[in-house]
Every structure is written in structure tokens, then in C-alpha cells.
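Heads up, the thing below is written out as C-alpha cells.
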Amino acid sequence: STTKHKQCTSYWRGKKVGGKMEVVVSASAGVLEALLPKLAKMLTDEYKLHKGAKEGVQYIRDELESMEAALAKVSEVPPDLLDKQVKLWATKVRKMSYNIEDTIDSFMVSSSGSSTACCCVGGKSLLPRTYKARGDIAAEIERIKKEVEEVSKRRERYKVDSIVAPAPSASDPRLLALYEDEAKLVGIDQSREEIIKLLSMEGEGEGASEQKLKLISIVGPGGMGKTTLANAVYQKLEGKFECTAFVSVSLQPNMKNILSSILRQVTSKIKDDEV
């Protein structure tokens, strides 16, 4: 099982998705998820560690669990809002975790009593040729402990725990544009008519069977009046449809509020028609 795991680990380190490397924070959390159970296993009587070594492993495990919780919190923050130092810290955690895992795997294999155990991919060994003996693991644990302490101090310096994921916006600041005076936008009438023409539901022929659904995107820098223009088009066309709704979606939308708004707008028109 160790051989299979090491083969998978080696591949996952270089794994690409959509031509890009895995997100640093998620990758770091993934490595810790695999490492923590191994540290717990080392604390069992099976590996017969000395008291000092056990205490060191317990310390390392506790610190890494805390780092895993911090990474879970950081992963909720959009990548573009993360400080560069936090990303560097997550990268350091990942590299350190790989090294710790290699050391533990080497020790576990040597403790199993198998002198022929080996893991090779393409003729290249993924494990050290000489496994760590019990006399050496204590020194390795002490070295790892110091490295974990340093990474923990970086976490404090970089204020990783102060990062808070932004809550979904209850309201979109662009909603103010819905109440902007159309007269303030130069040329809005012409732009509105062009969009209405593009949205024309009629096909080449006549009849309902020729109607087609269409989507038009209005793009441009912020503050150019895109939302006001879209609302002007909506106000001009809504009378031609039985059910209509106009919503503004922010970068971090509250989907429950958006869907509720659509439902209210649609159902209110249905009730008005029934009256």
C-alpha cells in the first residue's frame, strides 16, 4: 500500500488541471489530509518510539492539524484577495508536508521488516535507498519539529488567522445605477434601440415557430452606464412579455436572494393578470 501511495503522490505533485497547476492552498490541505493519519499511526505501540520521539510526533501532529484548519479557512477566500505572503506560507506548508511524509514512509517501511521493499517509477526510486533506523528517527523528528515551529512562526507573522472570507453581498452597489437618470447618459436612446434590434425575437419568417431566444452582453469599464442601459432596454420591452424579471448579480452573489427576487417579480405579474 505504501508503494501505491507514493506512486500516486509523485504524480499528484505535478498534476495539472486545465493547463494550470492545482491551487496552492487546496494542494497544501490535500497533503496534510494524507499526512495526519500517518502521524497518528506512528504514535501507536506498533512502532515502539521512545518517549521523547513520541512527544515530538504528537507536537508535530497538533501543529499540522492547526495549520490544516487555517488552510481550510483561507481556502474560502477568493484567490485574488489573498495576500502573496499567505500563498508563500501555504506553499511552504505543502513542501514541508511532502518531506515529512517521505521521512515517515521510509521509517514505516524499515519498521515493517521488509528489506526488499522498493518503490520505482520508470526505473527511478521514489524512496531513499537507506531507510531510517529507529535510532535515526528521533533525530529526524527533532529536525522536523524545529521546521514546523518555524512555519508556525511565519503563520503568526503573516497573520494568516486574521483572514476572513467576505460574506455574500446582501445588496449589489450597481443597483444604484437602476435609478440613474437616463437623460444623463449621452446617446442612450441610440444604444437602447440597437440592443432592442439585436434582441428582436422574430426570425426570418412569421409566426411563433420562428421565435428564437437571444442573449446580448453589454461590456465596458465600470461607471460607463451598462446597468442603466440594460435597465432602459428592460423598461422598454417588459410590456411585450407575460413574465419578466430584472436582477443584478454581484461578484459574490447571494443566490437565495437573487432567486427570491426573480420569483417575486414573476409571481407579482401573474397575480396582476389574474386580477
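Observations
- Extreme residue, most open to solvent (accessible area, probe 1.4 Å), among residues of the stretch 38-82 that are part of a helix (DSSP H, G or I) and of a type in the set (Lys, Arg): Lys51
- Total residues in the stretch 193-214, condition at pLDDT 85 or above and open to solvent by 40 Å² or more (accessible area, probe 1.4 Å): 4
The values are calculated or read from the model by the stated rules, or taken from the named source; none is laboratory data. Values in this document were obtained by computation on a predicted structure and should not be read as measured data. For accessibility, only protein heavy atoms count, side chains too; no ligands or nucleic acids. Shrake-Rupley method; radii C 1.70, N 1.55, O 1.52, S 1.80 Å.
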